[in-house]
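The values are calculated or read from the model by the stated rules, or taken from the named source; none is laboratory data. Everything quoted here is computed from the prediction, not taken from an experiment. Note that each Cβ is placed from the backbone with ideal geometry, even for glycine, and that neighbours are counted across all protein chains shown. Accessible surface is based on the protein model in full, side chains and every heavy atom, while ligands, DNA and RNA are left aside. Shrake-Rupley method; radii C 1.70, N 1.55, O 1.52, S 1.80 Å.
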Amino acid sequence: MADVGLARSGVEPDDVAPDGVLIERSARGRPDAFVEVARRHEVAMHGYLARRAGRQAADDLLAEVWLRAFAARGGYDTRYADARPWLYGIARNVLREHWRTTSAGDEPTALDETRVDPWAGIDDRLDSAERAKAVVSAVRALPTAEREVLLLVAWEQLTPAEAAKVLGVPPGTARSRLHRARATLRQVLSERDGDQAGESI
Amino acid sequence: MRGESADAVTSEVLRAIGATRPPEPGVLADAREALWSMIASEMLGAGSESAASRGAAGGEGGRATTRRREAGRTPDEHKRALGGGD
């Protein structure tokens, strides 16, 4: 019934309205509209937290992200239809506080874990596993600022411009960090491949 | 392996490393519950303010009792009262 009324009045229902519209609604007398934003991005936010702080911590921290985002919604720039960069920025702050209180450092947990077999279906698994170790090692060795951009793009599927918004840096800075990170990885991995080729000769 | 091809493989490897299992539904529901609770507090607070101003203008003695009753609700009850929920 409510949806019919909204359609007649030309107002988009919450389930199809862009994030920016929902956040604006939530700041202007309809705070419950924010729940749809949480519903849309909850799996992605949990994944972001889990990759960096572990699954258990992600379970605990997700609510904190929503509470902070809700409290800060009045400052959201509603020109941005997609709230993901803003939400990742809030989640990043939640993580930094979590790391400070747990003294766990700032290394992404997923890079600390040994992934056993993420390449099911590929024949040369041994080489894949070796390559994975080399990639993890190379990513860990990157400067934090470069690693953050790289992982926001690779893991969260953000564009460099969106990653820049998460990190609060100009888009050009994010692009150059990403470029440097990729160049470093390429260099490290090509050296590794070269060494392996040399050993096999 | 060179250039874009190496980048593509590296990206694939990174994505695989970053793959996570979906969260348990209860985890997501709990987080939303906390959000609903905050939303309810805000809505009830706004309601209380307007009720207080109405009370000041017109003297509605029953409002304080209503607010006390509302403040004691669980998040689930808040959601139902606000017309939301899962």
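Note the full-extension length gain between A:ARG100 and A:VAL43 as 0.36 nm times their separation in residues minus their Cα-Cα distance, in nm to one decimal.
The A:ARG100-A:VAL43 span can extend by a further 18.1 nm.
For the segment A:62-68, counting C-beta atoms of other chains within 10 Å of every residue's C-beta and taking the mean gives 5.
Taking θ as phi - 60° and the Karplus parameters 6.51, -1.76 and 1.60, the scalar couplings of the range A:88-99 work out to 4, x, 5, 4, 5, 5, 4, 5, 4, 5, 4, 5 Hz in sequence order, x denoting glycine and proline.
Here is the interface size for B with A: some 3200 Å² of accessible area buried, both sides summed, with a 1.4 Å probe.
For the range A:70-82, the Karplus equation 6.51 cos²θ - 1.76 cosθ + 1.60, evaluated at θ = phi - 60°, returns couplings of 4, 5, 9, 4, x, x, 6, 7, 6, 5, 8, 5, 9 Hz by residue, with Gly and Pro reported as x. Accessible area per residue was computed with a 1.4 Å probe on protein heavy atoms; A:HIS179 scores about 120 Å².
Residues of the range B:23-46 whose accessible area, computed with a 1.4 Å probe over protein heavy atoms, drops by at least 20 Å² once all protein chains are present relative to their chain alone are B:PRO23, B:VAL27, B:LEU28, B:ALA31, B:ARG32, B:ALA34, B:LEU35, B:TRP36, B:MET38, B:ILE39, B:GLU42, B:MET43.
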